[in-house]
Amino acid sequence: MSDTSEGLKSNEEIIEELTKDLENSCIKIDEKCTSNDNNTQSSTESCNLSDDSCERVKESSDDDKCETQDAKNVNISADLVDEELLKDREVTLSESEKEELRNKAERLKNEGNELFKSEQYMEAISVYTQGIQTCPLAYDKERSILYANRAAAKSKCLQKESAIADCTKAIEINPSYVKAYIRRAQLHEEADELDQALEDYKKVLTFDPVHAEANYAVRRLPPLINEKNEKLKAEMLGKLKDLGNMVLKPFGLSTNNFELQKDPSSGNYSVKFRQNSS
């Protein structure tokens, strides 16, 4: 009897063996999953390498004067100028050193102009930026020209928003800079921001009343602005009508039950309810 009992395993021992087998099984499964993860990671790394090779910029053709959109976004952040840093630098500069830096900035501007003429717009942006970072803050005219020229190069690379910002900076530095107003007006118009474009053209006429392009624009743009506003108004009313019909439908009504009537004397509108005919 005692021999038989000695051969039997206790509940604790049975549970321990089962637990041990389960643990071993889990370890094997985990090792298999880890191996799969490593394979997946290797595959991902391979894909990333493939993607990286795909993202390399191909050599541009004669018609492709600017880089890809991702490269342009990098350049937009790279052309920022820290004016506080420039202020700190100039504290220790003598007048002759400032003049030397101005001359260097002038050479960079001329280099940028040559790059622009040869349609190397991204290179021109980079060189104009170097000029802005070089030119002392005291030389307002030179700095405003560098900003305006950089805006022209950016516009060629379809960096419209950044180009407008450069024109605005040029105007802040030199508020009577007609060329910067004209360039910003053109960019606003290209972006379908007609009201802003008209304001810039009007500003030009305060400095140069006989400016041909500005005079033509102040006659040309108002009808286009009115047409655009009417179109926007029609779209808005259409959306409001759809919303009104959705709200009124549960009550058996629609916007056709309401009629806007304009008072000829005041120009105000009143709403008149009209019952559907039975």
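The values are calculated or read from the model by the stated rules, or taken from the named source; none is laboratory data. Small disclaimer: the values here were computed from a predicted structure and weren't measured. In this analysis, Cβ positions are derived from the backbone assuming ideal geometry, glycine residues included, and neighbour counts consider all displayed protein chains. The accessibility values were calculated without ligands, DNA or RNA, using every heavy atom of the protein model including side chains. Shrake-Rupley method; radii C 1.70, N 1.55, O 1.52, S 1.80 Å.
Pairs from the table (98/154; 117/179; 169/228; 169/203) lying more than 20 angstrom apart at Cα are 98/154; 169/228. Packing around the peptides 214-220, 146-152, 105-111, taken as the average count of other Cβ atoms within 10 Å per residue, puts them in this order, highest first: 146-152, 105-111, 214-220. Lys and Arg at +1, Asp and Glu at -1: add these up for the other residues within a Cβ distance under 13 Å of residue 189 and post the number. That works out to -2. Each Cα pair of region 70-175 feeds into the Kirkwood radius, which the Stokes-Einstein equation turns, at 25 °C and 0.890 mPa s, into a diffusion coefficient of 178 µm²/s.
Relative contact order for region 120-273: what percent, with Cα pairs under 8 Å and sequence separation of 6 or more?
With pairs under 8 Å counted, the relative contact order is 12 percent.
What region 98-224 shows is 47 Å² of accessible area per residue, with the surface traced by a 1.4 Å probe over protein heavy atoms. Positive-end ranking of 135, 157, 246 along the dipole of region 115-254, with charges on Cβ about the Cα centre, is headed by 246. In terms of distances greater than 27 angstrom between alpha carbons, the cross-link table entries 104/156; 109/156; 156/231; 156/202 yield 156/231. The charge dipole of region 200-250, taken about the Cα centre with unit charges on the Cβ atoms of Lys, Arg (+1) and Asp, Glu (-1), comes to about 240 debye, rounded to the nearest 20. Between residue 86 and residue 219, the simple spin-label model (points 7 angstrom out along Cα→Cβ) gives 4.0 nm. Computed across region 114-171, the Kirkwood radius stands at 11.1 Å (inverse of mean 1/r, all Cα pairs). Put simply, the Cα atoms of region 113-224 extend 42, 29, 20 Å along their principal axes, the longest span coming first. With both labels modelled 7 Å from their Cα along Cα-to-Cβ, the residue 99 to residue 195 distance reads 5.0 nm. If the label point is 7 Å along Cα→Cβ of residue 230, which residues in region 194-224 have backbone nitrogen under 17 Å from it? Within reach of a label on residue 230, which here means backbone N under 17 Å from a point 7 Å along Cα→Cβ, region 194-224 contributes 220-224.
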